[in-house]
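Input: a single structure, listed below in structure tokens.
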Amino acid sequence: MGALLLLVAAALWGSAFVAQKLCGEHLGPFAVTFLRNLIGGAFIYACFRLRLRFFGRAGIPAGARRSFSGRAFLGGGLCGAVLFAASLSQQIGIVHTSPGVSAFLTSNYMLLIPVFGFFIGRPVRAAVWLCVAMAVAGSYLICIESGAAGFSLGRGEAWTLLCAALFAVQVLCVDRFAPSTDVLAFSCVQQFAGAVLALPFVFLPSERALFTSSNLLAAAWPVVYIAVFSSGIAFTLQNFGQVRTPPAIAAVIMSLESAIGAACGYIVFGDVLSARQIVGCALMLLAVVLSQVLPARQKQKSPCPPSQEYGKIQACMKGNDNG
């Protein structure tokens, strides 16, 4: 049951890249970012109210007087600012590239988390560095196109790589501020903070030109999908699935998100990856899987091995995002 729930969550995350692509055909990136955060925040708040009604103070940390504490507002606001930048970069990137390429490049965040953690004093094993090298090689094959003027990096791929780096920073921020807070309250503040930051940019001329009733109607279901199904429902399924599945197996199943994103891109848009890109995607997928499996197979004296720590971080991450 745990593996099945995780597989459904991975399918929702992977298919969300197609929904983002559809949104980009009708609305500007700031409008999409604003709407997905606003609707996502409203959905999480509705879940919070339902939990409060049926389960009372369940979920409120021990010693805390209320769910929406000062720490939840401060941490959620700061993490929401990074989430806004990451979501915006991803949305800009997917307009100029395929859902499959976006899915595989976004998965770089799993490898960048321990790399960035290294600079704040968290040790990184040699196996992780090897996986990072594989991911760099895979990203190169996916992104860099050979032309008459030499090698060049596409606009969509560049924005998506920036998105992966920002998501890694966001995950580390969540790991720093989320403990000792009500997870639903924290996520709610984070989503609304992203919406507030995106709102002023919706009034830019380029955004207002697309922000019409007809375009909103055309993009309604894709926006609801990425806000509710990708961020809300998939996150809940992951919570239930991870506690019933060994960390290494859970990581492998969740890494299928990128492959599912490529498959959905082919089904909906007819996107076909070149042989060069397929090899790069295979390297990326292998690097992500190994980065999660190898640490989990090593015995640690610490009561919380890195595999569990990464699992917790990824759980927080998926609750706030990512297509």
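FYI, it's all coordinate maths here, none of it is from the lab. Remember, predicted model here, so these are calculated numbers, not experimental data. Every residue, glycine among them, receives a Cβ derived from its backbone with ideal geometry; neighbour counts consider all protein chains shown.
Would you mind computing, in nm to one decimal, how far apart the modelled labels at Leu7 and Ile249 are, each placed 7 Å from Cα along Cα→Cβ? Between Leu7 and Ile249, the label points sit 1.2 nm apart.
Using a Förster distance of 41 Å, how high is the FRET efficiency between Arg208 and Ile278, based on the Cβ-Cβ distance and rounded to 0.05? Can you show the working numbers first?
Values: r = 40 Å, r/R0 = 0.98.
For Arg208 and Ile278, the calculated efficiency is 0.55.
With coordinates expressed along the principal axes, the C-alpha atoms belonging to the stretch 1-137 extend over 50, 44, 36 Å, beginning with the largest.
Using a cutoff of 8 angstrom between alpha carbon atoms and counting only pairs six or more residues apart, the relative contact order for the stretch 75-216 works out to 46 percent.
Give me the number: length gained by fully extending Ala218 to Ala126, i.e. 0.36 nm times residue separation minus the C-alpha to C-alpha distance, one decimal in nm. Display every interim value, and only then the final one.
Details: separation 92, 0.36 × 92 = 33.12 nm, distance 4.83 nm.
Extending this stretch completely gives an extra 28.3 nm.
Placing dummy labels 7 Å off each Cα toward the beta-carbon, the span from Leu74 to Arg176 is 1.2 nm. For the stretch 50-122, the C-alpha radius of gyration sits at 1.59 times the compact-globule guess of 2.2 N^0.38 Å, with N the residue count. Going from the fewest other Cβ atoms within 10 Å to the most, the residues Tyr225, Tyr45 appear in the order Tyr45, Tyr225. Kirkwood's formula applied to the C-alpha pairs of the stretch 81-184 gives a hydrodynamic radius of 14.8 angstrom.
Length gained on full extension, Phe119 to Arg49: 21.3 nm, using 0.36 nm per residue less the C-alpha separation. In a fully extended conformation the segment linking His96 and Phe269 would gain 60.9 nm over its present Cα-Cα distance, using 0.36 nm per residue.
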